[in-house]
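The structure under discussion appears below in the form of structure tokens.
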């Protein structure tokens, strides 16, 4: 079926007349925008829980044995459950739902000029499954014997055998929660991919599609192509836990290293699954506030795809010292260091986009620029870890923790704030307060760096991971190192203290912010041609596209932007 | 509030949306089964003694089931042809034949497993059997899910509605068939 | 740089430290250059009246050259680092110099047990000395260590040696190190192993031959315990890394 030659009139569109109860409009809706908010708000709620966990365990690290205000004394078992679930929540129940399902749901139909996703009911089901997975995860924390404490990586035999982990219920519920989350995102991914491929507005060719849509689609494809083995592994782990099998039990013919391969074959592409959408958001914000075309758009697409493909060949760098054949380690060191090439290229292109620009340092732009500046740290520290000979020392130390927070925090927090502050006017029809936005920004950045820079030093000093009290260890417990831990914890308190500023700004602006017009940022992409906020069905008349998304500052034109749907 | 969108009817790639979606579903399914099978094969290679365990599988039942699934896939192909010609009720009948094939498959499997479990070859009986039940069980789950969707599509097709879905569920069913074509030699014949 | 944070006590800790320094210098230069360029561009091209943005597609050769050269240079740096990293890796994990002595390191929930071969310097004989949470070695000797786990994954981490290896249940891993500096050092478990993971710290003492002999003599009475140690490998120890992959306990051997 070819797409229509004329813009479709929506007079007969079923969405045109929304109605029904609060339940139908906000809880049982198939509207992609409502579902997007459901994912985003669920993700933000889970982020609060995950952040609270970080607060508790960092307080324990700085002041071991002291009762943590709001929690109490932290036992070793609880400590392990806190770090395990902090990681699991932030990756599976914050980064993925907010970046992929939240922004993906909101933006894809709007940016490709469609009225909704191609499978609206499947979309609703995906969210509902996701919500169930979140509830199962939360349940796992409060059952008898406590939540699972075997790290988000859940290596057996610890995770498989209740005599070792001592949290039988928590461990199984955790696995079930993760498996359900995977199914939810497999279903959701179908919508993102097929909608972007098929439901584009007339005139929108593949290279007229905004980068953020490309990144979310490639991320969805990456997810779908990589999660399978871990789905299988999760079933195998559940069987080992509950059905007496021995897939991973070395004393009965199984192999614990098999789990590691199944996990990391997914685990490594997973980090790009969340990184790519974040970089997509950053690209959208940078082009608008530099008033510039994205430098080498097609090259960026190429690096996105190259990174995605290469990400399948690096996984065992997580297993250098795990007991794999050491010759394999050499192969993976080569692939791991080579993946730095497309990523570096992406960074260079983004930086080059600033050249010749007219840069306005609005709040979204501050977040986007901070992403790039901080990502350089995350990226270069990955090199230390990919070098096998050095990873012998740095594996499972805080150097790793610092490295991945210099990528993950940027992905799950900085890029998300860039996206929220940028698309807020479209989502809610109002403007957020710029001044408070800037205060929130600087406080967050200062706090964030204060937490994680010391961790590089601690890791370099040999501080290993997932330990609830370092002060009892002769070398690691020395006062200079404990001072770094305390500094990191205090920085976290500062970081957390600034977040209410955002929350208040966010909520107040929804109800009392100055009203926003359709296109307050003067951007080109299609979502800015819909009303703020868009109605059901997004437009009365679906748009037609005549050019690419980054035609800013075109010479000879009076206006420094040129919307994609403006007739030539 | 209706849940149909204009987006569903578009096709910028020229491929109908439903068919495109099914292919993407298959991508993820291939990786799931791929993960199970690669793990199995690697372990099988490292455990030559598993061949003795595998000798206890019922090759005749497996072969019969292969024939059953292939026949049911044929019915699905014929159903698609009928749907293309607009013959909804005929397509529905053929789809229900496909479901029958699935039911026979699952019944035979039920007998197989009952027999094996009674003989002591349970899920916990050893490495080979763990993989056997995991792989075949995952497959059987997909057969069952496929049967449910086939019936649902048949119900619409009988009223000449949504005939394009006949092809799409057919594609899924062929995939389930193909997975079995891999499982059969790996679990039954490799002895 | 690492040697300022943690002592350097093995023959390959210097190699690891030099690799760290090499990478730090290479990425440090890139990092500073990229950040400097980044901040300069923000400053230079900040919005100013009468200065519109330029229309740059990225296909312009004179601009693309910057990216292409940078790209190529990253690749060259990667190759340098890969070569350096592989050399260190091969030294630590793919070679097994002849041992002066072999010791056994056993991890379990939640303690390390060390088996010293005793005055006869042969493992699995009646005079072996077994200790929990403390390891005693002699300085200036090349050791093979056999690493085993009785239950879950643990990881034998000696920061001062720059050495780490996971202990996988069902396998025996044979690795090596050469002690170069006397002193006391931490031994840490670097793989989460349950509730007691945080208390699995052991103390390593590296001393001269005479001190070590004296220590052995004080523990001579423990010799009887050595018999109940983890079963020995059937033949020569594994080559480093080619760990066994067999089921039942006691049969742990290389392929």
- Message: Rounding to the nearest 10 and keeping the result within 0 to 90°, find how far the Cα-based axis of helix C:209-218 lies from the longest principal axis of chain C.
- Response: 50 degrees
- Using R₀ = 45 Å, calculate the FRET efficiency as 1/(1 + (r/R₀)^6) where r is the Cβ-Cβ separation of residue A:207 and residue C:83; round to 0.05. 0.70
- Counting partner chain Cβ atoms within 10 Å of every residue's Cβ in C:104-110, what's the average? 1
- Message: Could you give the length gained by full extension between residue B:85 and residue B:55, i.e. 0.36 nm per residue of separation minus their alpha carbon distance, to one decimal place?
- Response: 6.1 nm
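Averaged across C:35-45, how many Cβ atoms of other chains sit within 10 Å of each residue's Cβ atom? Numbers along the way, then the final one.
Working: counts 5, 0, 5, 8, 3, 1, 9, 10, 1, 5, 9.
Other-chain Cβ atoms within 10 Å of each residue's Cβ, averaged: 5.
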- Query: Of C:36, C:217, C:167, which has the largest mean-square fluctuation in a 10 Å C-alpha GNM of chain C?
  - Reply: C:36
- Message: Could you check the spin-label model distance between residue C:47 and residue A:27? Points 7 Å from the Cα along Cα→Cβ, value in nm.
- Response: 4.3 nm
- Scaled to the compact-protein estimate 2.2 N^0.38 Å, what is the alpha-carbon radius of gyration of chain A, rounded to two decimal places? 0.97
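Sorted from largest to smallest, which semi-axis lengths in Å does the alpha carbon gyration tensor of the protein assembly as shown give for its equivalent ellipsoid, taking the root of 5 times each eigenvalue? Spell out each step's value before the answer.
On the way: eigenvalues 484, 306, 116 Å².
After diagonalising the Cα gyration tensor, the semi-axes are 49, 39, 24 Å.
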- Mean projection of the alpha-carbon convex hull of the range A:295-335 over all orientations, in nm²? 3.2 nm²
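Considering every Cα-Cα pair within chain C, what fraction, in whole percent, is farther apart than 31 Å? If you can, show how the numbers build up before the last one.
On the way: 12892 of 32385 pairs.
In whole percent, the long-distance tail amounts to 40.
For A:231, A:117, what ranking results if the residue with the fewest other Cβ atoms within 10 Å of its Cβ goes first? Walk me through the numbers on the way to the answer.
Details: A:231 24, A:117 30.
Going from least to most buried by this count: A:231, A:117.
Quote the relative contact order of chain C in percent (integer), defining contacts as alpha-carbon pairs under 8 Å separated by 6+ residues.
Values: 472 pairs, mean separation 51.7, N = 255.
With pairs under 8 Å counted, the relative contact order is 20 percent.
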- Task: Would you mind pulling out the separation of the Cα centroids of the range A:517-568 and the range A:374-446, in Å?
- Result: 30 Å
- Centre separation in Å (Cα based) which lies between the range C:29-94 and the range A:323-343: 21 Å
- Using the number of other C-beta atoms within 10 angstrom as an exposure proxy, rank A:536, B:47, C:4 with the fewest first. C:4, B:47, A:536
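Return B:156, B:11 ranked ascending by Cβ neighbour count within 10 Å, so the fewest neighbours appear first. Show your work: numbers first, answer last.
Values: B:156 16, B:11 20.
Lowest count first: B:156, B:11.
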- Among beta bridges assigned by DSSP with both residues in chain C, the antiparallel ones amount in percent, to the nearest 5, to 70 percent
- Task: Using only Cα atoms, find the angle between the long axis of helix A:363-386 and the longest principal axis of chain A, and express it within 0 to 90 degrees, rounded to the nearest 10.
- Result: 40 degrees
- To the nearest Å, what is the center-to-center distance of the range A:166-197 and the range A:236-255, using C-alpha atoms only? 22 Å
- Peptide A:332-345 - average C-beta neighbours from other chains (10 Å radius): 4
- Rounded to one decimal in nm, the spacing of the 7 Å Cα→Cβ label points at residue A:471 and residue A:557 is 6.3 nm
- Message: Explain nothing, just the number: relative contact order of the range B:1-153, from Cα pairs under 8 Å at least 6 residues apart, as a whole percent.
- Response: 22 percent
- Treat each spin label as a single point 7 Å out from the Cα along the C-beta direction, and report the residue A:566 to residue C:209 distance in nm. 8.8 nm
- Please determine, in degrees from 0 to 90 and to the nearest 10, the orientation of helix A:168-198 with respect to the longest principal axis defined by the Cα atoms of chain A, where the helix direction is its Cα long axis. 20 degrees
- Determine how many Å³ per residue the convex hull of the Cα atoms of chain B encloses. 131 Å³
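Read-outs: derived from the displayed coordinates by stated rules, not from any lab. Just so it is clear, the model here is predicted, and its values are computed rather than measured. Every residue, glycine as well, gets a Cβ built from its backbone with ideal geometry; the counts of neighbours run over all protein chains shown.
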